[in-house]
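Here is the structure we will look at, set down as structure tokens.
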Amino acid sequence: MPNVRAETKAWFKGRLPKDWFVGEPEIAADRDEVLIVGELKPVDLEPGASEQAAQASRDGLIKRFREETRDARMEIADEVEQKWRRKLSWGVSAGGETHLFTHLSVPVMTRLRLQERLTLDTLVDAGVARTRSDALAWCVRLVAKNQEKWLGDLRKAFEHVERARRDGPEA
């Protein structure tokens, strides 16, 4: 849960209805967005139900949750936007699958040299990505997946820096 302070987690713990999710939802944030992903309680199926039946059950569960909680989720999103000046996005997990209902796709400006652009163009030419933008997003996802532990360590180090700044002397 990068960049999410204890106060933010506590606010959501108090604000979100207790019956929405199994356990505590995952909360992630950056400077533009807060993302809440909660696990839904699985539907009880008959023993020996097929994978197709289980998938249909998950799809129905997700659709029902999305429809039944829409107004409340929008109200909470408005509160978050007023409180933290960030958009609130929602998702759920069910049966090991995560589905995001709403989330931002924020443009990020970068400057790349010829060799870096050629890398992106190779990914586009090979059909891995449709555009340079898609190729860059693909590269970021690949780094996040393959360097998950290192990124986690880096985030923890930043938490220590933030704590030291917060607890340090006033300027």
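Residues of segment 58-76 that are farther than 13 Å from Lys41 by Cβ and free of Cβ contacts under 8 Å to residues at least 12 places away in the same chain: Asp59, Lys63, Glu67, Glu68, Arg70, Asp71, Met74, Glu75. Only one entry of Arg73, Arg85 meets the criterion of being among the basic types (Lys, Arg), in contact with a Phe, Trp or Tyr (Cβ under 6 Å, 6 or more places away or on another chain) and not assigned by TED's automatic domain parsing to the domain that holds Lys156, and that entry is Arg73. Candidates Trp11, Trp90, Trp20: the one that is touching a strand residue (DSSP E or B) at 6+ places or on another chain (Cβ under 7 Å) and closer than 30 Å to Asp153 by Cα is Trp90. Counted as qualifying within segment 92-171 are the helices (runs of 4 or more DSSP H) with 1 or more residues that are outside the structural domain of Lys41 (by TED's automatic domain parsing), loosely packed, with under 11 Cβ neighbours inside 10 Å and in contact with a helix residue (DSSP H, G or I) (Cβ under 7 Å, 6 or more places away or on another chain), namely 132-146. The numbered conditions (1) over 18 Å from the mean Cα position of the chain (by Cα); (2) in contact (Cβ under 8 Å) with a residue 12 or more places away in the chain; (3) within 25 Å of Thr8 (Cα to Cα) are all true for Leu123 except (3). Restricting attention to segment 22-48, the residues that are over 17 Å from Ala94 (Cβ atoms) and of a type outside the set (D, E, K, R) total 6. Of the residues in segment 23-30, at least one is loosely packed, with under 12 Cβ neighbours inside 10 Å and more than 23 Å from Asp78 (Cβ to Cβ).
Suppose we keep only residues that are in a helix (DSSP H, G or I) and among the hydroxyl-bearing types (Ser, Thr, Tyr) within segment 27-79. Which one would you say is modelled with the lowest pLDDT?
That would be Ser57.
What number of residues within segment 25-53 satisfy the criterion of being farther than 30 Å from Val106 by Cβ and among the aliphatic types (A, V, I, L, M)?
Total meeting the criteria: 4.
The values are calculated or read from the model by the stated rules, or taken from the named source; none is laboratory data. This is a predicted model, so every value here is computed, not measured. Neighbour counts are summed over all protein chains in view; Cβ atoms, including those assigned to glycine, are modelled from backbone coordinates with ideal geometry.
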